[in-house]
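A.B. asks: Once you've had a glance at the structure underneath, I'll fire off some questions.
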Amino acid sequence: MRHSLWLAPALAVVMAGGAACSTETPGNPTAEPGPVQPSTASPGSSTTSTPPSSTKTSANGADSPLTEVKPCDLLPESAFGSLGITKSMGEEKIGPARTCSYRVEKASIADSYNLSVALFDKLGLADVVAYGEKKPLKVNSRDSEQSLRGVGGGCAITLAVTAKSRVDVMATGGDGAKLCAPALTAAQLVEPRLP
C-alpha cells in the first residue's frame, strides 16, 4: 500500500510532462537520406512528407535506354503505304509496355490486322511469354526472337535492347502464323531506330 501512495504522484508528473511535449522537433530530420522537403503544414500541426518520385528514368525503368524513346516514333511514316497501314491509333500504356498501334485494312476482315510497337523498359528477351515455341533470329544484326502470342492469333518479333529491355513488333488478328511475315517486315524498319 505504501508503494502505491508515492507511485501515483510520480506517474501523474510523468503523464503531465508527456502531455506538455510538442510533437514538432525543430530542425530537419536526418534519419532518411535524400533532399528535405519543405513543409506546407500550418504551425502546430504534425505531418509526414513523402519525397516525390525522383525521375522519369526510375518511373519507366532504371537504366533503360528506352526511357526517352516514344513508340510512335519507331515506325517511319514513309513506310505506312508499303506496310498497308490505313490508320494510326496512337500511343497508350498497356500493362508494363508503352505501345503504339496501327490498323492494316485488307480486302476482307479476315485478312485485316493490327500492328503494334511495344516498348518494355524492364523486361527483356528472357521475359517473353509465348503461346508455343520461341524461335531465335537476327533482325539486321540484333538478337531477336519470333513467337506466337495469345489464343486470338498474333505473331511478335521481339528485339533485344538490353538484358532487361526490349521492343516487340506485333501483328494480331486472324491466323498468327500468317502474320509473322508483316511483323518481321515492320521489325526490320523499327530496328535501326533503336538505341
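A.B. asks: Checking the condition under 20 Å from S64 (Cα atoms), in contact with a Pro (Cβ under 8 Å, 6 or more places away or on another chain) and either at pLDDT 95 or above or in a strand (DSSP E or B) (or both), which residue from D143, D168 passes?
C.D. replies: Residue meeting the stated conditions: D143.
A.B. asks: Still on this structure: Filter the range 68-102 down to the residues that are over 14 Å from the mean Cα position of the chain (by Cα) and of a type in the set (S, T, N, Q), then identify the one that is surrounded by the most Cβ atoms within 10 Å (Cβ to Cβ).
C.D. replies: Per the criteria, the residue is S101.
A.B. asks: For a quick check of your reading of the model, give me the residue pairs whose first member lies in the range 177-195 and is at negative phi and hydrophobic (A, V, I, L, M, F, W, C), whose second is assigned to a helix (DSSP H, G or I) and surrounded by fewer than 17 Cβ atoms within 10 Å (Cβ to Cβ), with beta-carbon atoms closer than 7 Å and at least 6 apart or on different chains.
C.D. replies: Partner pairs satisfying both residue conditions: L189/A79.
A.B. asks: Any residue in the range 109-119 that is more than 18 Å from G176 (Cβ to Cβ) and out of contact with any Gly (no Cβ under 6 Å at 6 or more places or on another chain)?
C.D. replies: Yes, that holds for at least one residue.
A.B. asks: Out of the range 112-133, which residues are surrounded by 15 or more Cβ atoms within 10 Å (Cβ to Cβ), over 18 Å from L189 (Cβ atoms) and either aliphatic (A, V, I, L, M) or in contact (Cβ under 8 Å) with a residue 60 or more places away in the chain (or both)?
C.D. replies: Selection gives S112, D121, K122, L123, L125, V128, A130.
A.B. asks: Could you count how many residues in the range 126-144 are under 25 Å from the mean Cα position of the chain (by Cα) and over 20 Å from L179 (Cβ atoms)?
C.D. replies: Qualifying residue count, the range 126-144: 4.
A.B. asks: Is there any pair linking a residue in the range 63-81 that is in contact (Cβ under 8 Å) with a residue 60 or more places away in the chain to one that is assigned to a loop (DSSP other than H, G, I, E, B) and surrounded by fewer than 16 Cβ atoms within 10 Å (Cβ to Cβ), with Cβ under 6 Å and at least six apart or on different chains, and which?
C.D. replies: Cβ pairs passing all conditions: P65/P195.
A.B. asks: Of V128, V117, which residue is within 22 Å of G150 (Cβ to Cβ), among the β-branched types (V, I, T) and touching a Lys or Arg at 6+ places or on another chain (Cβ under 8 Å)?
C.D. replies: V128
A.B. asks: Still on this structure: So T48 passes all but one of these: (1) β-branched (V, I, T); (2) at pLDDT 95 or above; (3) over 24 Å from the mean Cα position of the chain (by Cα). Which condition number does it fail?
C.D. replies: (2)
The values are calculated or read from the model by the stated rules, or taken from the named source; none is laboratory data. Here the structure is a predicted model, which is why all the values come from computation and not from measurement. For neighbour counting, all protein chains shown are included, and Cβ atoms are generated from backbone atoms with ideal geometry for every residue, glycine included.
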